[in-house]
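What follows is a single structure, written as structure tokens, with notes after it.
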């Protein structure tokens, strides 16, 4: 059987087995997942998540702090060196430089909520 490697947007398969990601891919995946959880959406803990809708209009400083906290909660992230958040229409853009095990990772993600 031929070894098949597929690396799409989110999944990596080797020999038909789903592989776990590590390093920059893991950090990016976990940060993006954390940033996409809306306040009150996670059934295991309604306090988790980010209040993009109300926060952007009424409390932009609190919203930026929530975004930074969501990044810092990712396992292995030692420091958020720099980050920015902006909304363009209905697209949210987050850019961050994080330090993981003495290596810098640059994250540039955009998504629609």
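Read the figures in this text as sums done on the coordinates, not as results from a lab. Since this is a predicted model, take the numbers as computed values, not measurements. Every residue, glycine among them, receives a Cβ derived from its backbone with ideal geometry; neighbour counts consider all protein chains shown.
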Fewest-first ranking of 35, 75, using other Cβ atoms within 10 Å as the exposure measure: 75, 35
Taking the structure as given and computing Rg and Dmax of the Cα atoms in Å, which label from (1) 13.5, 44; (2) 15.4, 51; (3) 15.9, 58 fits? (3)
Tilt of helix 60-72 relative to the longest C-alpha principal axis of the chain, in degrees (0 to 90, nearest 10)? 30 degrees
So what's the gap between the Cα centers of the range 69-89 and the range 20-56, to the nearest angstrom? 11 Å
